[in-house]
Each structure stands twice: as structure tokens, then as C-alpha cells.
1. Restricting to the range A:67-77, what's the tally of residues that are surrounded by 18 or more Cβ atoms within 10 Å (Cβ to Cβ) and more than 7 Å from chain B (Cβ to nearest Cβ)?
2. Taking residue B:193 as the residue in question, decide whether it is surrounded by 19 or more Cβ atoms within 10 Å (Cβ to Cβ), modelled with pLDDT of 85 or more and within 31 Å of the chain's Cα centre (by Cα).
3. Quick one: in the range B:317-341, which of the residues that are charged (D, E, K, R) and away from chain A (no Cβ under 14 Å) is surrounded by the most Cβ atoms within 10 Å (Cβ to Cβ)?
4. Residues in the range A:89-98 that are surrounded by fewer than 20 Cβ atoms within 10 Å (Cβ to Cβ) and out of contact with any Pro (no Cβ under 9 Å at 6 or more places or on another chain): how many?
5. Inspect the range B:66-84 for any residue being within 19 Å of residue B:324 (Cα to Cα), in contact with a helix residue (DSSP H, G or I) (Cβ under 9 Å, 6 or more places away or on another chain) and not aromatic (Phe, Trp, Tyr) and give the result as yes or no.
6. Quick check on the range B:315-323. Is at least one of its residues of a type in the set (D, E, K, R) and within 28 Å of the chain's Cα centre (by Cα)?
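The values are calculated or read from the model by the stated rules, or taken from the named source; none is laboratory data. As the structure is a computational prediction, the values presented were derived from the model and not from experiment. Here Cβ is always computed from backbone atoms with ideal geometry, including for glycine, and neighbour counts include all displayed protein chains.
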Amino acid sequence: MAEALWLITAGALSLAGMAWLALAMEGHWSQVMQRPAEAAIRTRQALRMFGAIALPLALLACLQADRPSMAVLVWLMLLAGSAVLVAMLLAHRPQALRAALPLGGPGGPGIRRGAS
Amino acid sequence: MFTRFHLSMAWLHTWFGLVLGYVLMACFFFGTLSVFDREFDRWALPDTRFEPQPMPSFDKVLQPAFAQLQPSPVEYDLQMPVLHDPALGAPTPRLQLPPDEYWAYTTHRDPVLAIGAGFRVPLAKDPTAENHIHGDATLDPRSGALVRADQLKIGSQWFYPMHYGLNWHWNNLGIYIVGLAALGMLAALVSGVVMHRKVFKEFFTFRPKKHTQRATLDLHNLTGVVALPFHFFFAFTGLLIFAGYYWFPVSQFQLKALHDQHEVVEARHTGLPHARSGVAAPLASVDAMVAEAQRRWAARDAAGQVGFLQLHHLGDANGYVSVYRAGSDRVALVGEGIHFKASTGEVLREDPAPSAVGQITEFLTGLHLQHFKHWLLRWLYVLGGLLGCVCIATGFVFFVEKRKQQHAKTDALGSRLVDALAVTTVTGMVLAAVGMLVANRLLPAELANKGEWEKWSFWGVWLLALVHALARSGPVARARINPAWREQSWALAVLAVAAVVLNAVTTGDHLLKTVITAPYWPVAGVDLSLLVTAGVAVWAARHLARRERPATAPTTNAHPTPLAEVAHG
């Protein structure tokens with residue numbers, strides 16, 4: 001049971017990490033937020049950092065669930081799956097990715113601070 | 001902007017990708033199905049739908065079952081003239097060949113287990129060689145009864161060999177073609193990354209609303225890049241698994257003397273007898289040996305079930321029993337074999353821990369062959385395999401989209417033919433696989449050689465798909481979409497639903513039962529996957545219908561900047 005929880009955590013971290021990395025990119029940010037990306041440089045920098053931290057954390061969660069040899073495989077495949085999911089959301093439901101913003105959705109404090 | 005290097009990489013990627021892509025599509029698709037090969041087996045053989053069983057008692061269950069095994073008549077006719085020395089006497093009749101070797105194999109996903117025997121040719125031309133004629137069977141470990149032999153385990157005996165050898169047995173040509181395709185794939189991956197140039201900038205990029213050529217290339221890049229480690233390691237480890245095999249011509253002829261000598265030296269080194277002594281000896285309790293092996297594994301903190309059991313030199317003083325551990329709890333494919341003297345049960349040898357290189361090899365082959373018990377990783381492998389399929393399929397579509405306008409002007413047949421073959425290997429191949437499942441449920445259970453009929457229905461459906469794709473390819477010559485894509489998607493939806501319905505009708509295992517009232521996931525999983533396949537097929541067919549309609553108006557062909565955007569490829 002604990003393994004399942006760790007794997008769910010790993011999946012969530014990898015999905016969030018990929019979403020943050022995507023949002024940190026200029027084109028995807030404006031696609032999701034419908035606002036110019038130049039105005040949110042600091043927010044996007046923070047998102048890139050969150051993403052870069054979340055993905056290794058996902059590996060740590062995988063290592064809690066399985067022996068290392070297996071965990072590495074699960075992690076790599078979770079990353080692939082998360083990246084595809086994020087790309088598909090960007091293509092079909094870009095606004096849905098606003099849910100991935102750590103400090104609330106559109107107009108949340110984090111965004112306002114970054115946008116101002 | 002383009003260097004010679006880039007152009008040569010583009011050439012390599014385009015043409016190797018196209019020619020080998022048809023083979024790779026089969027490798028990826030049937031590889032994906034093979035992740036759940038044992039589950040397809042359950043679906044196809046309703047009398048094996050029960051819970052996976054551990055290796056049964058040798059003394060009570062296996063030994064009487066082994067006694068029922070007979071040498072295969074086909075192999076006898078083929079091998080007897082090769083192995084038997086007529087100068088020493090008349091050939092031994094098939095049923096009088098003495099058994100020399102027994103084996104039994106099971107995994108954590110197998111209700112039934114595979115067993116087999118090697119029968120010795122007594123008057124052999126080369127007495128130092130193994131001289132075996134084989135016979136095998138499938139055993140129900142609960143009752144000890146053999147499962148009817150002329151049925152086909154569609155997953156492990158058809159989809160899986162399709163994956164690595166295309167089921168083309170003549171001179172094992174299929175295995176060599178797949179090896180070549182895997183090598184080509186490694187080259188295609190490297191050249192693809194070189195051509196892409198925006199690996200990170202366009203990491204998440206998919207623009208379905210842009211024109212077909214752009215959207216297709218996006219999807220090709222996306223599915224190729226995000227699963228790049230999967231694609232690379234599966235092509236590479238696939239080659240590694242068969243590395244010894246691809247050298248077959250050399251190892252069997254030029255290097256045979258060396259190989260035989262190595263076996264003798266190895267036997268001296270391990271203390272496990274290489275040949276029979278000629279002195280008869282009884283067999284001690286194999287169950288006691290298995291118990292001792294399990295005790296020793298547990299002492300090493302690796303308690304586990306027996307995956308593979310093998311008895312060598314039966315009834316001889318040199319006989320020994322090898323017990324291997326099932327690798328369900330780790331990636332590396334390790335047997336941790338423990339070997340016992342057959343007549344006494346004393347331990348002859350414990351396989352030592354592998355060297356560093358050995359450990360890497362075991363990890364790499366293990367990650368491909370997946371004996372581990374990890375359902376999430378299995379499904380993630382399915383995802384990886386399907387991403388590979390999408391990558392190859394979009395490669396075909398991009399090739400055609402890029403050229404069909406030009407070919408329409410010059411009346412060239414190239415894109416029309418490539419497109420028809422793409423239909424055959426994309427929708428046609430899925431149709432063949434699902435058609436085979438439908439045939440499995442439609443053909444009467446008592447039909448003799450039922451498995452052969454299923455194989456013919458597989459090839460038959462695939463051939464029909466090819467003929468249909470070619471016959472309907474006319475519009476491609478006018479730079480439009482081949483309607484066969486849409487029509488085969490509809491056919492697939494119908495067949496996939498039919499397979500689920502037929503399974504419910506002929507076996508009573510409908511989804512309400514296999515999911516809720518009496519959960520049996522191997523069958524429910526196949527049924528649900530078939531329904532998802534049907535759903536995707538309907539979606540694709542409707543989408544294609546929308547795309548076909550505006551194509552009648554010539555204006556949609558005038559994209560202002562397609563060449564600037566899609567400069568490479």
C-alpha cells in the first residue's frame with residue numbers, strides 16, 4: 001500500500017514538474033495565461049526552478065517504492081508519460097494547465113506579483 | 001544553414017526510416033502486446049483462466065506429467081536422419097527414445113506452466129554432442145493434466161514471436177530482419193535528434209490545428225523525443241538479447257569446435273557433468289532439493305519461488321538437477337541457480353554472483369524481458385511502445401504529406417504506394433491482431449489444429465487490409481487522403497467490439513463478471529483494451545472523415561509557409 005502511495009506521489013511530482021517546465025517557456029506561458037510572457041519573467045524563472053526540483057524528487061519517490069534498478073525505469077517512463085500528457089493538454093486544453101500554478105490560478109497572488 | 005552532415009543525416013533518417021519502419025512498426029506493436037502476452041493467452045484459452053500457480057511439486061505432479069511427454073513427430077522426422085548413425089543399427093523408433101532432460105518453466109503471471117523434455121538419440125553419429133529431439137507441453141498444475149496441444153497461446157506463441165522474428169521461420173530470416181531493423185532504428189534515433197535541432201525548445205510542442213504536415217511532424221518529434229530513453233534502450237537491449245544469435249552462422253560452423261571445447265572446460269570448472277557416465281542411478285526427491293534451494297535463497301535475503309527447473313542426464317550417475325529462482329522482484333534477469341546431484345540430492349554448486357559486466361547485462365536484458373512483477377511499469381511500457389508506434393506511423397504520414405503534391409503533379413507512384421503500405425502496417429496490423437482474436441472465439445473449440453486456423457486468419461485479414469489499402473489508394477495520386485485509413489478504422493472498431501461480445505457469449509466472462517462480481521483482470525484487461533481500441537478507432541475515423549471533406553476543395557492545399565516551417569525531413 002505504501003508503495004502505491006509513493007508511486008502516486010512520483011506520478012504527481014513528475015506531472016507537476018513537466019507542467020512547470022512547460023509553463024516556464026515563453027510560448028507555452030502566453031498560450032496558457034493569454035498574457036505576454038515578458039511580464040512574468042520572475043514567475044517563469046521560479047517555475048523552471050520548481051520543475052527542475054520536482055523531477056528529481058519524483059525519482060526519490062520512485063526509490064521509496066521500489067529497488068533502485070526498477071525505480072529508475074519507472075521514473076523515466078513516468079517522465080515520458082507526463083511530458084506527453086502536458087503536450088496534449090497544451091494542444092487541446094491549455095487553460096487546464098493553470099491548475100498547475102503553485103500559488104493559485106489566474107489572478108492568484110503569485111501571478112499578480114510576477115505580472116506586475 | 002544546412003551542412004552536408006545535416007543533409008546526410010536527413011537522407012539516412014528518411015530512407016532507412018521508411019524501409020525499416022514497416023518492420024519496426026511490427027516490432028513495436030507486437031512488442032507492446034507482448035507486455036501482456038500471458039494475459040492474451042488467458043483470453044484465447046478459456047480453460048486456463050484461473051489464478052497463477054507456483055511451480056508444483058515435482059515428485060507428485062511434474063514427474064507423472066513428464067512421463068507423458070513424447071518426442072515431437074516433426075522434429076523426429078527432421079532431426080533423426082541428421083543425428084542417427086545408420087552404421088550402428090536401425091534408427092530407434094520415436095516412442096522408444098529415452099528421455100535425457102526435463103524442464104519446467106513458469107512466471108508470476110502463468111496459471112499453466114510450460115514443460116518439456118529432450119529425448120536422446122542412442123546411436124548417434126557424434127556421441128559427445130547433445131543429440132536431443134524435443135517434446136513439450138502445457139500443464140495445468142492443479143490437476144497435473146496436459147492442456148490440449150493444438151491450441152495456440154496467441155500472446156506468448158504468436159504476438160511475442162511476431163515481435164522479435166515476424167513469425168517468419170524459414171532460415172530464421174525474420175529474426176535477422178528484425179535485428180537489422182533494430183540497428184537501423186538506433187541510427188534513425190541519432191539522425192533524428194541531429195535533424196530535429198529544437199529538441200528542448202519544442203519539447204512540449206504539438207499543434208494539431210496547423211496543417212497536416214506540420215501537425216504530423218510535431219507528433220513525430222514529440223513521441224520520438226519524450227520516450228527517447230525507451231526507444232533507445234529497447235532497440236539496444238533487443239539487439240543485446242539476440243547478440244549471440246545474430247552470429248549464428250559463425251558460432252555454428254567456424255567456431256563450433258571452440259564452442260564444444262568451451263562446454264567441456266566450463267563443465268570441469270563448475271563441476272557439473274558435461275556428459276552421461278553410462279552408469280545408471282536413481283533419482284532422489286526433487287522436492288527436497290527445491291526446498292533446500294529456497295532455504296538458501298532466503299538465507300541470502302532473496303526468498304522466492306522457483307521459475308525454472310531442469311533435470312540433466314536423467315537416470316544416469318552424472319545426472320544433476322538445476323533449480324533457478326523466478327525473477328519477479330527485480331529487473332535483472334538472474335537465476336541464482338543451485339545445482340544438486342540427482343541421485344543423492346547433495347549440492348554440487350551454487351551459481352556465484354555475476355561480475356560487474358554480468359550484472360549490467362542482466363539488468364539490460366531484464367529490463368527488456370520484464371520478468372518483474374510491477375503492473376505500473378508494465379503499463380508504462382505499453383505507453384512507451386504505443387508512443388513508438390505513433391512515432392513510426394507519423395513518420396510514414398509525414399513522408400507522404402511532404403511528397404504527395406509533387407507526386408500528383410508528376411504522376412509518380414511513390415507516395416501512393418508508401419501510403420498504402422502505411423495503411424497496411426498501421427490499421428491493417430491492428431486489424432490482423434484483433435481479427436485473430438475474433439477468429440479464436442468464432443472457431444469451434446473442438447476444431448482440430450485450431451491454432452493453425454487462427455494463424456491463417458491473422459495472415460488473411462492482414463492480406464485483405466493490404467489489398468483494400470492498395471485498391472483504395474487512388475485519391476493519394478490526386479494529393480488527397482486514402483479512404484482506406486478511415487474504412488479500416490471503422491472495420492477495427494467493429495471487430496474490436498465483436499471480440500469483446502464474442503468472448504462474453506462463448507465463455508460467459510463478460511465485463512460485469514470479470515471486473516465486478518468475480519474479478520479476473522487478465523481477461524477484463526484485454527476486453528477493456530479492445531473497447532478503448534474501438535473508441536480510438538471511431539474517433540480516428542470521424543476525424544479522418546472531416547479531413548477528407550475539405551480536401552475536395554483545392555484551396556486547402558495552398559499553405560503559405562509549409563516549406564519554411566518544415567524545412568527538414
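1. Restricting attention to the range A:67-77, the residues satisfying the condition of being surrounded by 18 or more Cβ atoms within 10 Å (Cβ to Cβ) are A:70-77.
Retained after the next criterion (residues that are more than 7 Å from chain B (Cβ to nearest Cβ)): A:71-72, A:75.
The total comes to 3.
2. Values: surrounded by 19 or more Cβ atoms within 10 Å (Cβ to Cβ): no; modelled with pLDDT of 85 or more: yes; within 31 Å of the chain's Cα centre (by Cα): yes.
So residue B:193 does not fit the description; no.
3. Start the filter on the range B:317-341 by keeping residues that are charged (D, E, K, R), which leaves B:325, B:329-330, B:336, B:341.
If we keep only those that are away from chain A (no Cβ under 14 Å) too, we end up with B:325, B:336, B:341.
On the way: B:325: 25, B:336: 20, B:341: 21.
Top of the filtered list is B:325.
4. In the first step, residues of the range A:89-98 are kept if they are surrounded by fewer than 20 Cβ atoms within 10 Å (Cβ to Cβ); the result is A:91-96, A:98.
When the remaining residues are screened for being out of contact with any Pro (no Cβ under 9 Å at 6 or more places or on another chain), the result is A:93-94, A:96.
Residues that pass the stated criteria total 3.
5. no
6. Our first condition is that a residue be of a type in the set (D, E, K, R); within the range B:315-323, this holds for B:316.
Filter again for within 28 Å of the chain's Cα centre (by Cα), leaving none.
No, that holds for no residue.
Conditions tested, residue by residue: (1) away from chain B (no Cβ under 13 Å); (2) at positive phi; (3) free of Cβ contacts under 8 Å to residues at least 12 places away in the same chain; (4) surrounded by 20 or more Cβ atoms within 10 Å (Cβ to Cβ).
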position	(1), (2), (3), (4)
A:5	no, no, yes, no
A:9	no, no, no, no
A:45	yes, no, no, no
A:61	no, no, no, yes
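Residue-wise test of (1) modelled with pLDDT under 85; (2) among the β-branched types (Val, Ile, Thr); (3) not in a helix (DSSP H, G or I).
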residue: B:238; (1), (2), (3): no, no, no
residue: B:245; (1), (2), (3): yes, no, no
residue: B:250; (1), (2), (3): yes, yes, no
residue: B:257; (1), (2), (3): yes, no, no
residue: B:261; (1), (2), (3): yes, no, no
residue: B:269; (1), (2), (3): yes, no, no
residue: B:274; (1), (2), (3): no, no, yes
